[in-house]
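The values are calculated or read from the model by the stated rules, or taken from the named source; none is laboratory data. None of these values were measured; they are calculated from a predicted model. Cβ: placed from backbone, ideal geometry, glycine included. Neighbour counts: every protein chain shown. Surface areas here come from the heavy atoms of the whole protein model, side chains and all, with no ligands, DNA or RNA. Shrake-Rupley method; radii C 1.70, N 1.55, O 1.52, S 1.80 Å.
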Amino acid sequence: MNAQTVQSSDKAGLYKGMKAVAKTFKGRWNAPLAGYLFIAPWLLGFLILQLWPIIQSFYLSFTEYSLLEPARWIGLKNFQDIAHDRLFFNSLKVTFLYVIASVPLKLLVALAVALLLNRNIRGISFYRTIIYLPSLIGGSLAVAVLWRNIFGLNGFINQLVIWVGIDPKNWIGTPSTALGTLVLLTAWQFGSSMIIFLAGLKQIPSELYEAASVDGASPLRKFIRITLPMLSPVILFNLIMGIINAFQMFTSAFVVTNGGPVNSTEMFALFLYNKAFGSLQMGYASALAWILLVIIGIATALNFIASKYWVFYETETEGRK
(Lines give C-alpha, C1' and ligand atoms only; values in the text may rest on other atoms or scores of the structure.)
Protein backbone atom coordinates (compact mmCIF):
# COMPACT_ATOMS: atom_id res chain seq x y z
CA MET A 1 0.00 0.00 0.00
CA ASN A 2 1.57 3.28 -1.09
CA ALA A 3 1.63 6.51 0.84
CA GLN A 4 -1.02 8.13 -1.33
CA THR A 5 -3.51 5.37 -0.53
CA VAL A 6 -2.83 5.66 3.23
CA GLN A 7 -3.25 9.41 3.09
CA SER A 8 -6.58 9.08 1.26
CA SER A 9 -7.77 6.54 3.83
CA ASP A 10 -6.85 8.86 6.71
CA LYS A 11 -8.66 11.73 5.09
CA ALA A 12 -11.78 9.59 4.63
CA GLY A 13 -11.67 8.47 8.28
CA LEU A 14 -11.16 12.03 9.47
CA TYR A 15 -14.08 13.23 7.34
CA LYS A 16 -16.37 10.52 8.73
CA GLY A 17 -15.33 11.38 12.28
CA MET A 18 -15.96 15.08 11.79
CA LYS A 19 -19.32 14.30 10.19
CA ALA A 20 -20.32 12.13 13.17
CA VAL A 21 -19.29 14.87 15.64
CA ALA A 22 -21.20 17.49 13.65
CA LYS A 23 -24.26 15.23 13.59
CA THR A 24 -24.04 14.75 17.34
CA PHE A 25 -23.83 18.47 18.03
CA LYS A 26 -26.60 19.13 15.54
CA GLY A 27 -28.86 16.67 17.33
CA ARG A 28 -28.02 18.16 20.71
CA TRP A 29 -28.77 21.71 19.59
CA ASN A 30 -31.77 20.99 17.39
CA ALA A 31 -33.80 19.24 20.08
CA PRO A 32 -33.96 22.19 22.54
CA LEU A 33 -34.45 24.62 19.67
CA ALA A 34 -37.44 22.64 18.44
CA GLY A 35 -38.87 22.64 21.95
CA TYR A 36 -38.44 26.38 22.29
CA LEU A 37 -40.11 26.90 18.93
CA PHE A 38 -43.11 24.84 20.02
CA ILE A 39 -43.56 26.77 23.28
CA ALA A 40 -42.74 30.13 21.69
CA PRO A 41 -46.42 31.18 21.24
CA TRP A 42 -47.22 30.49 24.89
CA LEU A 43 -43.91 31.96 26.08
CA LEU A 44 -44.41 35.18 24.13
CA GLY A 45 -47.99 35.39 25.36
CA PHE A 46 -46.84 34.93 28.95
CA LEU A 47 -44.05 37.51 28.70
CA ILE A 48 -46.09 40.14 26.84
CA LEU A 49 -49.62 39.61 28.17
CA GLN A 50 -48.91 38.44 31.74
CA LEU A 51 -45.41 39.10 33.08
CA TRP A 52 -45.03 42.58 31.62
CA PRO A 53 -48.45 43.79 32.89
CA ILE A 54 -47.57 42.39 36.33
CA ILE A 55 -44.33 44.39 36.38
CA GLN A 56 -46.16 47.48 35.12
CA SER A 57 -48.90 47.18 37.75
CA PHE A 58 -46.27 46.94 40.49
CA TYR A 59 -44.72 50.19 39.28
CA LEU A 60 -48.10 51.89 38.80
CA SER A 61 -49.12 51.01 42.37
CA PHE A 62 -46.65 53.68 43.50
CA THR A 63 -47.90 56.29 41.06
CA GLU A 64 -50.88 58.50 40.35
CA TYR A 65 -52.11 57.47 36.91
CA SER A 66 -55.41 58.19 35.20
CA LEU A 67 -54.78 56.88 31.65
CA LEU A 68 -55.18 60.46 30.40
CA GLU A 69 -51.94 61.83 31.85
CA PRO A 70 -48.46 60.36 32.38
CA ALA A 71 -47.93 58.40 35.59
CA ARG A 72 -46.55 60.48 38.48
CA TRP A 73 -44.53 58.85 41.26
CA ILE A 74 -46.16 59.30 44.68
CA GLY A 75 -44.55 56.49 46.68
CA LEU A 76 -46.77 54.77 49.27
CA LYS A 77 -49.61 57.31 49.08
CA ASN A 78 -51.98 54.86 47.34
CA PHE A 79 -51.53 52.31 50.11
CA GLN A 80 -51.99 55.02 52.76
CA ASP A 81 -55.23 56.13 51.10
CA ILE A 82 -56.42 52.52 50.93
CA ALA A 83 -55.82 52.13 54.66
CA HIS A 84 -58.32 54.95 55.28
CA ASP A 85 -60.86 53.95 52.62
CA ARG A 86 -64.14 52.78 54.17
CA LEU A 87 -65.31 51.20 50.92
CA PHE A 88 -62.09 49.15 50.75
CA PHE A 89 -62.77 47.56 54.12
CA ASN A 90 -66.40 47.00 53.14
CA SER A 91 -65.30 45.16 49.97
CA LEU A 92 -62.91 43.07 52.08
CA LYS A 93 -65.72 42.14 54.48
CA VAL A 94 -68.11 41.26 51.65
CA THR A 95 -65.46 39.20 49.86
CA PHE A 96 -64.49 37.24 52.97
CA LEU A 97 -68.15 36.52 53.75
CA TYR A 98 -68.63 35.33 50.19
CA VAL A 99 -65.54 33.09 50.32
CA ILE A 100 -66.50 31.60 53.69
CA ALA A 101 -70.05 30.85 52.52
CA SER A 102 -69.57 29.85 48.88
CA VAL A 103 -66.42 27.71 48.90
CA PRO A 104 -67.53 25.08 51.49
CA LEU A 105 -71.04 24.97 49.99
CA LYS A 106 -69.69 24.45 46.49
CA LEU A 107 -67.34 21.68 47.70
CA LEU A 108 -70.14 19.91 49.57
CA VAL A 109 -72.45 20.00 46.55
CA ALA A 110 -69.68 18.87 44.21
CA LEU A 111 -68.68 15.97 46.48
CA ALA A 112 -72.29 14.87 47.00
CA VAL A 113 -72.98 14.83 43.26
CA ALA A 114 -69.68 13.06 42.57
CA LEU A 115 -70.65 10.33 45.04
CA LEU A 116 -74.00 9.91 43.29
CA LEU A 117 -72.33 9.70 39.88
CA ASN A 118 -69.68 7.24 41.07
CA ARG A 119 -72.01 4.31 40.46
CA ASN A 120 -72.15 1.60 37.84
CA ILE A 121 -75.67 2.15 36.57
CA ARG A 122 -77.07 2.25 33.09
CA GLY A 123 -76.63 5.57 31.28
CA ILE A 124 -74.28 7.01 33.92
CA SER A 125 -72.15 8.73 31.24
CA PHE A 126 -75.23 10.58 29.98
CA TYR A 127 -76.12 11.72 33.50
CA ARG A 128 -72.58 12.96 34.10
CA THR A 129 -72.67 14.99 30.90
CA ILE A 130 -76.05 16.54 31.66
CA ILE A 131 -75.04 17.48 35.20
CA TYR A 132 -71.73 18.96 34.03
CA LEU A 133 -73.32 21.12 31.31
CA PRO A 134 -74.39 24.03 33.58
CA SER A 135 -70.78 24.56 34.64
CA LEU A 136 -69.68 25.00 31.03
CA ILE A 137 -71.85 28.11 30.77
CA GLY A 138 -72.11 28.93 34.47
CA GLY A 139 -69.65 31.82 34.39
CA SER A 140 -71.08 33.48 31.29
CA LEU A 141 -72.89 36.80 31.14
CA ALA A 142 -76.04 35.09 29.86
CA VAL A 143 -76.31 32.90 32.96
CA ALA A 144 -75.69 35.89 35.23
CA VAL A 145 -78.53 37.76 33.51
CA LEU A 146 -80.73 34.66 33.79
CA TRP A 147 -79.92 34.40 37.49
CA ARG A 148 -80.88 38.05 37.98
CA ASN A 149 -84.23 37.38 36.35
CA ILE A 150 -84.83 34.22 38.39
CA PHE A 151 -84.41 36.14 41.66
CA GLY A 152 -86.16 39.29 40.41
CA LEU A 153 -89.49 40.56 41.67
CA ASN A 154 -91.37 38.68 38.96
CA GLY A 155 -88.89 35.82 38.73
CA PHE A 156 -89.25 32.10 39.20
CA ILE A 157 -88.33 32.12 42.90
CA ASN A 158 -91.06 34.62 43.79
CA GLN A 159 -93.56 32.72 41.68
CA LEU A 160 -92.64 29.60 43.63
CA VAL A 161 -92.95 31.22 47.07
CA ILE A 162 -96.30 32.77 46.09
CA TRP A 163 -97.53 29.31 45.10
CA VAL A 164 -96.42 27.99 48.49
CA GLY A 165 -98.23 30.86 50.24
CA ILE A 166 -95.31 33.12 51.20
CA ASP A 167 -95.11 36.80 50.36
CA PRO A 168 -92.66 37.60 47.52
CA LYS A 169 -89.40 39.36 48.24
CA ASN A 170 -86.89 41.43 46.33
CA TRP A 171 -84.04 38.97 46.80
CA ILE A 172 -81.47 40.94 44.81
CA GLY A 173 -82.61 44.36 46.06
CA THR A 174 -82.42 43.47 49.76
CA PRO A 175 -78.98 43.77 51.46
CA SER A 176 -79.60 40.76 53.71
CA THR A 177 -80.29 38.37 50.80
CA ALA A 178 -78.42 39.82 47.81
CA LEU A 179 -75.11 38.17 48.71
CA GLY A 180 -76.87 34.85 49.24
CA THR A 181 -78.07 34.83 45.62
CA LEU A 182 -74.45 35.10 44.46
CA VAL A 183 -73.43 32.28 46.82
CA LEU A 184 -76.14 30.05 45.34
CA LEU A 185 -75.00 30.88 41.82
CA THR A 186 -71.45 29.85 42.74
CA ALA A 187 -72.68 26.60 44.31
CA TRP A 188 -74.61 25.87 41.10
CA GLN A 189 -71.32 26.04 39.18
CA PHE A 190 -69.96 22.89 40.83
CA GLY A 191 -69.15 20.94 37.65
CA SER A 192 -65.37 21.36 37.54
CA SER A 193 -64.92 20.43 41.20
CA MET A 194 -67.32 17.51 40.74
CA ILE A 195 -65.27 16.11 37.85
CA ILE A 196 -62.08 16.30 39.91
CA PHE A 197 -63.80 14.63 42.88
CA LEU A 198 -65.12 11.92 40.58
CA ALA A 199 -61.61 11.26 39.23
CA GLY A 200 -60.33 11.01 42.81
CA LEU A 201 -63.08 8.56 43.77
CA LYS A 202 -62.14 6.35 40.84
CA GLN A 203 -58.58 6.09 42.20
CA ILE A 204 -59.62 4.68 45.60
CA PRO A 205 -58.92 0.90 45.63
CA SER A 206 -62.12 -1.13 45.85
CA GLU A 207 -60.29 -3.62 48.08
CA LEU A 208 -60.50 -1.13 50.95
CA TYR A 209 -64.29 -1.03 50.77
CA GLU A 210 -64.46 -4.82 50.46
CA ALA A 211 -62.30 -5.30 53.54
CA ALA A 212 -64.41 -2.80 55.46
CA SER A 213 -67.59 -4.65 54.43
CA VAL A 214 -66.14 -7.90 55.72
CA ASP A 215 -65.50 -6.16 59.05
CA GLY A 216 -69.13 -5.01 59.12
CA ALA A 217 -68.51 -1.28 58.54
CA SER A 218 -71.58 0.82 57.70
CA PRO A 219 -71.67 3.08 54.60
CA LEU A 220 -71.21 6.15 56.79
CA ARG A 221 -68.17 4.63 58.50
CA LYS A 222 -66.69 3.72 55.10
CA PHE A 223 -67.15 7.30 53.97
CA ILE A 224 -65.50 8.75 57.06
CA ARG A 225 -62.68 6.21 57.43
CA ILE A 226 -61.89 5.46 53.78
CA THR A 227 -63.38 7.93 51.31
CA LEU A 228 -62.50 11.19 53.06
CA PRO A 229 -58.89 10.29 53.96
CA MET A 230 -58.15 8.90 50.50
CA LEU A 231 -59.83 11.90 48.88
CA SER A 232 -58.17 14.51 51.10
CA PRO A 233 -55.49 15.57 48.52
CA VAL A 234 -58.26 16.20 45.99
CA ILE A 235 -60.26 18.12 48.61
CA LEU A 236 -57.19 20.28 49.28
CA PHE A 237 -56.78 21.03 45.58
CA ASN A 238 -60.43 21.95 45.10
CA LEU A 239 -60.37 24.01 48.29
CA ILE A 240 -57.39 26.08 47.20
CA MET A 241 -58.69 26.59 43.67
CA GLY A 242 -62.12 27.49 45.03
CA ILE A 243 -60.66 30.09 47.40
CA ILE A 244 -58.54 31.64 44.65
CA ASN A 245 -61.52 31.86 42.26
CA ALA A 246 -63.83 33.19 44.98
CA PHE A 247 -61.48 36.03 45.89
CA GLN A 248 -61.38 37.03 42.22
CA MET A 249 -65.13 36.76 41.61
CA PHE A 250 -66.32 39.62 39.40
CA THR A 251 -68.79 38.68 36.65
CA SER A 252 -71.70 37.61 38.86
CA ALA A 253 -71.42 40.60 41.18
CA PHE A 254 -71.13 43.00 38.26
CA VAL A 255 -74.05 41.65 36.23
CA VAL A 256 -76.48 40.38 38.87
CA THR A 257 -76.24 43.12 41.52
CA ASN A 258 -73.57 45.59 40.32
CA GLY A 259 -72.32 45.79 43.88
CA GLY A 260 -75.68 46.77 45.35
CA PRO A 261 -77.78 47.24 47.22
CA VAL A 262 -75.92 49.63 49.52
CA ASN A 263 -72.57 48.03 48.56
CA SER A 264 -73.67 44.75 50.13
CA THR A 265 -72.28 42.74 47.20
CA GLU A 266 -69.37 44.95 46.15
CA MET A 267 -66.65 42.32 45.92
CA PHE A 268 -62.98 43.23 46.05
CA ALA A 269 -62.57 42.66 42.29
CA LEU A 270 -65.61 44.82 41.54
CA PHE A 271 -64.29 47.57 43.83
CA LEU A 272 -60.96 47.38 42.00
CA TYR A 273 -62.72 47.59 38.63
CA ASN A 274 -64.72 50.64 39.69
CA LYS A 275 -61.59 52.42 40.84
CA ALA A 276 -59.71 51.57 37.64
CA PHE A 277 -62.36 52.17 34.95
CA GLY A 278 -65.00 54.13 36.86
CA SER A 279 -62.79 56.68 38.57
CA LEU A 280 -59.75 56.21 36.29
CA GLN A 281 -57.52 55.72 39.34
CA MET A 282 -55.18 53.19 37.75
CA GLY A 283 -52.45 53.63 40.33
CA TYR A 284 -54.91 53.10 43.16
CA ALA A 285 -56.36 50.06 41.40
CA SER A 286 -52.88 48.59 40.85
CA ALA A 287 -52.20 48.89 44.58
CA LEU A 288 -55.50 47.09 45.24
CA ALA A 289 -54.48 44.32 42.83
CA TRP A 290 -51.25 43.71 44.74
CA ILE A 291 -53.11 43.69 48.05
CA LEU A 292 -55.43 41.05 46.59
CA LEU A 293 -52.40 39.03 45.46
CA VAL A 294 -50.97 39.12 48.99
CA ILE A 295 -54.32 38.08 50.51
CA ILE A 296 -54.66 35.12 48.13
CA GLY A 297 -51.02 34.14 48.75
CA ILE A 298 -51.53 34.17 52.53
CA ALA A 299 -54.77 32.16 52.26
CA THR A 300 -53.07 29.58 50.03
CA ALA A 301 -50.04 29.32 52.34
CA LEU A 302 -52.27 28.83 55.39
CA ASN A 303 -54.11 26.02 53.63
CA PHE A 304 -50.86 24.27 52.77
CA ILE A 305 -49.61 24.66 56.35
CA ALA A 306 -52.85 23.30 57.80
CA SER A 307 -52.97 20.46 55.27
CA LYS A 308 -50.32 18.45 57.11
CA TYR A 309 -52.86 17.89 59.89
CA TRP A 310 -55.70 16.54 57.75
CA VAL A 311 -54.45 15.59 54.27
CA PHE A 312 -53.49 11.94 53.84
CA TYR A 313 -51.01 10.87 51.17
CA GLU A 314 -50.63 7.21 50.27
CA THR A 315 -46.85 7.64 49.85
CA GLU A 316 -46.56 8.56 53.52
CA THR A 317 -47.91 5.15 54.51
CA GLU A 318 -45.54 3.44 52.10
CA GLY A 319 -42.65 5.42 53.58
CA ARG A 320 -43.50 4.27 57.11
CA LYS A 321 -43.45 0.65 55.95
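Using only the alpha-carbon atoms of the range 190-321 as identical scatterers, what base-10 log of I(q)/I(0) does the Debye formula give at q = 0.09, 0.18, 0.19, 0.21 Å⁻¹?
Calculated log10 I(q)/I(0) at the listed q: -0.45, -1.04, -1.10, -1.23.
Whenever you get a sec, line up 294, 183 from highest to lowest accessible area (probe 1.4 Å, protein heavy atoms).
Largest accessible area first, the residues go 294, 183.
Treating the angle as unsigned and between 0 and 90°, give the value, to the nearest 10°, between the Cα long axis of helix 124-137 and the longest Cα principal axis of the chain.
80 degrees
Between residue 84 and residue 303, what length in nm is gained on full extension when 0.36 nm per residue of separation is reduced by their alpha carbon distance?
Full extension from residue 84 to residue 303 adds 75.9 nm.
When each pair of different Cα atoms in the range 78-308 is counted once in the 1/r mean, what is the Kirkwood radius in angstroms, to one decimal?
After inverting the pairwise mean of 1/r, the radius is 19.9 Å.
Residues with amide H under 5 Å of residue 63's amide H, sequence separation 5 or more or different chain, H placed in the peptide plane at 1.01 Å from N; which?
Residues meeting the criterion, in which the H sits 1.01 Å from N, are 74.
Using each residue's phi in the range 86-91, evaluate 6.51 cos²θ - 1.76 cosθ + 1.60 at θ = phi - 60° and report the 3J(HN,Hα) Karplus result to the nearest Hz, with x for Gly and Pro.
Karplus values, whole Hz, x for Gly and Pro: 5, 5, 4, 5, 5, 5.
Can you give me the C-alpha center-to-center distance between the range 142-200 and the range 222-271, rounded to a whole angstrom?
Result: 15 Å between the Cα centres.
Taking only protein heavy atoms and a 1.4 Å probe, what accessible area per residue, in Å², does the chain have with all protein chains in place?
Per residue, the chain has 63 Å² of solvent-accessible surface.
First measure r as the distance between the Cβ atoms of residue 49 and residue 207, then evaluate 1/(1 + (r/R0)^6) with R0 = 56 Å and state the FRET efficiency to the nearest 0.05.
Once rounded, the FRET efficiency stands at 0.70.
Would you mind checking the tilt of helix 175-188 against the longest principal axis of the Cα atoms of the chain, expressed as 0 to 90 degrees and rounded to 10?
40 degrees
Run the accessible area of the range 167-256 with a 1.4 Å probe and give the carbon-and-sulfur part as a rounded percent.
Here it works out to 64 percent.
At 222 nm, what helix-only mean residue ellipticity would the chain give, in deg cm²/dmol to the nearest 500, using -39500 (n - 2.57) for each DSSP H run of four or more?
Computed mean residue ellipticity for the chain: -22500 deg cm²/dmol.
Residue-wise, which Karplus ³J(HN,Hα) couplings in Hz belong to the range 272-288, taking 6.51 cos²θ - 1.76 cosθ + 1.60, θ = phi - 60°, and x for glycine or proline?
Going residue by residue, I get 4, 4, 5, 5, 6, 10, x, 9, 6, 9, 5, x, 4, 5, 5, 5, 4 Hz, with x marking Gly and Pro.
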